């Protein structure tokens, strides 16, 4: 009976310990803050580059307008009767040819700049989406952390009082021995017997010990001869 009571108490401690472990996991997950800062830094860099590309785009568009105006003027000049010599006509045609070449170069540059602007905007939107998702996760983790911290505080106080009550009902010798063994197994000094083996280390329990566990009332401590944990034979398996 005493071993059963202690085992059941340890199961409650295990539930509490898992919550404490989850708190530690959340603390690591909250490092998403670092990722958010990195995303924001990347966005700042992209926006700076985007500003430069937009400025260059406007410059190219102005150059294209000027180029188009110059082409129209040269074309009009060639179509007029103002050019009297072949030399003047040849020079005008060469000027137009150069202007047309420059126009194609400017158009290619504009296409490249527009593609870069598109890519930068897409990257910024993607990063903003990742930030939004990360911040949503942060909020969820913070709420979980706060909830677990409250539960741990409340349950720890309840377990302390429960152990104090439990200690009063258990013989001093058994309690002292249990606490000595638990120093070596802080996360649980008692393990169950399953399929005639120790569920902690898998060692086969000698028949003599097994029979004692089955027929006993759990009023004395029996240890696994291999790992040293206290053995507990669940009541439901005795039937």
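The values are calculated or read from the model by the stated rules, or taken from the named source; none is laboratory data. Remember, it's a predicted structure, so these values are computed and weren't measured experimentally. Methodologically, a virtual Cβ is constructed for each residue, glycine included, from the backbone with ideal geometry; neighbour enumeration extends over all protein chains shown.
Annotations
- For the range 157-180, the candidate set comprises residues that are surrounded by 13 or more Cβ atoms within 10 Å (Cβ to Cβ) and in contact (Cβ under 8 Å) with a residue 12 or more places away in the chain; within that set, the residue that is farthest from residue 219 (Cα to Cα) is 159.
- The residue of the range 181-190 that is farthest from the chain's Cα centre (by Cα), among those that are surrounded by 11 or more Cβ atoms within 10 Å (Cβ to Cβ) and in a helix (DSSP H, G or I), is 181.
- Residue within the range 204-219 that is in contact (Cβ under 8 Å) with a residue 40 or more places away in the chain, outside the structural domain of residue 164 (by TED's automatic domain parsing) and exposed (fewer than 13 other Cβ atoms within 10 Å of the Cβ) present: yes
- Inspection of the range 2-15 finds no residue satisfying the criterion of being without any contact (Cβ under 8 Å) to a residue 40 or more places away in the chain and more than 30 Å from residue 178 (Cα to Cα).
- Hey, residue 173 under 23 Å from residue 13 (Cβ atoms), outside any loop (DSSP other than H, G, I, E, B) and out of contact with any helix residue (DSSP H, G or I) (no Cβ under 9 Å at 6 or more places or on another chain) or not: yes
- Residue 145 falls short of the stated requirement of being in contact (Cβ under 8 Å) with a residue 40 or more places away in the chain, within 30 Å of residue 38 (Cβ to Cβ) and surrounded by fewer than 15 Cβ atoms within 10 Å (Cβ to Cβ).
- Complete set of residues in the range 152-181 that are in contact with a strand residue (DSSP E or B) (Cβ under 9 Å, 6 or more places away or on another chain) and closer than 30 Å to residue 23 by Cα: 178, 181
- Sole exception among (1) under 30 Å from residue 24 (Cβ atoms); (2) in contact with a helix residue (DSSP H, G or I) (Cβ under 7 Å, 6 or more places away or on another chain) for residue 150, by number: (2)
- Summed over the range 200-223, the residues that are at positive phi and touching a helix residue (DSSP H, G or I) at 6+ places or on another chain (Cβ under 9 Å) give a count of 1.
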